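Written below as structure tokens is the structure these notes are about.
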Amino acid sequence: MLEVDVASRLGSFELNVAFSGGEGVTALFGPSGSGKSSVIKLIAGLAAPDRGHIALDDRLLCDTSARVNLRPHRRRVGVVFQESRLLPHFSVRHNMHFGRWFCPPAERRIEEGPVVETLGIGHLMERRPETLSGGEKQRVAIARALLSSPRLLLMDEPLAALDWERRREILPLIERLRDDFSIPIVYVSHAVEEVARLAARVVVLDRGRVVREGAPADVLHASGADTGDRFGIASVLEGRLGAPDVDYGLTPVDHPAGRLWLTGVNGPAGRSVRVVVRATDVSLATERPKHITIRTALKGEIAAVNGTGPQLSLDVKLEGGAILVAAATRRAVDELGLRPGVPVFALIKSVAIDERPV
Amino acid sequence: MIDLSPDAWIAIGLSFKVAAVSTLVLLPVATALALMLARADFPGKALVDGLIHLPLVLPPVVTGYALLLLFGRKGLIGAFLDHYFGIVFAFRWTGAVLAAAVMALPIVVRAIRLSIEAVDRKLEEAAGTLGAGPVATFFLVTLPLATPGILVGATLGFAKSLGEFGATITFVSNIPGETRTIASAIYTASQSPDGDLEALTLSGIAVAMGLGALVLSEVIARRSRRAL
């Protein structure tokens, strides 16, 4: 159990956040400059707050009123930085053993074998960091942090410096280590897909403050509205995989409001999945369109129209109760007469759907 | 073979001994000072920095005279060291080491400081989050990454110590076999009526050794730049 309640002032930037993190992944989510990385630094002990306290389980890491501020090496908090920060004069193997040397033998819970296997880095052990690709570096950095057997793992935008392909490779690995090593993780990201996929709990930050916290499905569809970033708004829908259409390479996800189609053949039928849909990938129609390439149309009704500018976000209450957010111009909303209570079809381009196992 | 008097060979040998010991003494001292200047913030830092660099701008004879006042047999520190530890610098080869080390200190500190400042502090932070305390981080991260600069500092310090003259002759005089280094031997030879050839030969040797050390330090610097 992580408890954070800190205030800090850095120049004109004021940070004032309080949240708690439990088992699994707690995501710190927000646009750049919202203070996410500052919070990571405070938890790791790389910066000291002006006031407040940070506690991990029964251990006080920092408390300004009690004048406690443990140095980073005494916190047993592992960090995966955005730029892997591997030590250039050590091999991959020695980088990975670095944290292990300093971990008291009695506290070494995490063994090298399973970590190396999960992250698929066995063949890299004798290499020097400068010979690794970006994705390989990041895997080694994750392994290194894990092998120090930390009580908490902080991941500060670990995928931000990687291309899309690499992210797609590493994200499932992070998921596996979350499940296999039962280590609480605080995961910083401004990518809504990563957060939706990994997090048990999301803390949304904006301009140094917590604006919202809760389960991803409850929090993410509103987060963009809080921060004014319409590309940060996404909805999380839960459904069940159907039998794939192998000829066309498509897999249906059955949702009470209709069928969604995923590209590719995704796992066994009947499995529960989480689907993330960005608000900007959703179009609304007042009747089911026939001549259109979009094959996914979910039934629902307008629950709310949010915003005042030229771009509005509409909450659609789907059949079955889930909320799906759609972005639309104010002009379109006016011309179609969209207001709360109006029945609509939400059109989702199948390519815009990304499957997330629950 | 080079035609030199036995005394000249002794001077060359002594110069090497003085320069080697001076370099060995300088390395830990200069590294500690460089680390302090590169990483610590304390009141009077500019003054400490200035004091270290003073031998670079003072006439060497002033540095030598100051050493004589401080480390001479009756000097403030010299009397103390003599009385309690039996360590004497005045008119001994160890005094030549001290003079050479003090004169070489600024350039050695400067080279090491630059290389420590070039070590990415983010790597030190990462080591900290992996459980390494400040001392372990210094020896496992900062020092290895600064090693090229420290080697450059060492070669420069060695070269400077080989050729030190002004402070040495003021502090420990020009005693054959004890404090007469190459530089003092050249001076002596140049002052005697038939010493021209010897002065010239010794000067050539001094140039060769100095140039050799400078080239070596440049090679080290270039190698390490390529490695990083």
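The values are calculated or read from the model by the stated rules, or taken from the named source; none is laboratory data. On a predicted model such as this, the values are computed, not experimentally measured, just so you know. Neighbour counts are summed over all protein chains in view; Cβ atoms, including those assigned to glycine, are modelled from backbone coordinates with ideal geometry. The accessibility values were calculated without ligands, DNA or RNA, using every heavy atom of the protein model including side chains. Shrake-Rupley method; radii C 1.70, N 1.55, O 1.52, S 1.80 Å.
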Name the helices (runs of 4 or more DSSP H) wholly inside the range B:1-101 in which the number of residues that are closer than 30 Å to B:Gly204 by Cβ, touching a residue at least 12 places away in the same chain (Cβ under 8 Å) and out of contact with any strand residue (DSSP E or B) (no Cβ under 8 Å at 6 or more places or on another chain) is 1 or more. B:6-39, B:45-57, B:60-71
State whether one or more residues within the range B:145-152 are at pLDDT below 95, hydrophobic (A, V, I, L, M, F, W, C) and outside any helix (DSSP H, G or I). no
Checked A:Glu165, A:Glu136 against criteria (farther than 28 Å from A:Ala106 by Cβ and either within 14 Å of chain B (Cβ to nearest Cβ) or surrounded by fewer than 17 Cβ atoms within 10 Å (Cβ to Cβ) (or both)); the one match is A:Glu165
Residues of the range A:260-311 being farther than 23 Å from A:Glu193 by Cβ and surrounded by 18 or more Cβ atoms within 10 Å (Cβ to Cβ), in sequence order, are A:Ile302
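Here's the yes/no breakdown for (1) away from chain A (no Cβ under 14 Å); (2) open to solvent by 30 Å² or more (accessible area, probe 1.4 Å); (3) basic (Lys, Arg):
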| site | (1), (2), (3) |
| --- | --- |
| B:Leu123 | no, no, no |
| B:Gly128 | no, no, no |
| B:Ala146 | no, no, no |
| B:Val152 | yes, no, no |
| B:Leu156 | yes, yes, no |
| B:Glu164 | yes, no, no |
| B:Thr170 | yes, yes, no |
Going through the range B:133-144 in order, the residues found to be surrounded by fewer than 23 Cβ atoms within 10 Å (Cβ to Cβ) and either of a type outside the set (Ser, Thr, Tyr) or under 21 Å from B:Asp7 (Cβ atoms) (or both) are B:Gly133, B:Pro134, B:Val135, B:Ala136, B:Phe138, B:Phe139, B:Leu140, B:Leu143, B:Pro144
Residues of the range A:1-17 being touching a residue at least 60 places away in the same chain (Cβ under 8 Å) and within 17 Å of A:Val188 (Cβ to Cβ), which ones? A:Leu2, A:Phe13, A:Leu15, A:Val17
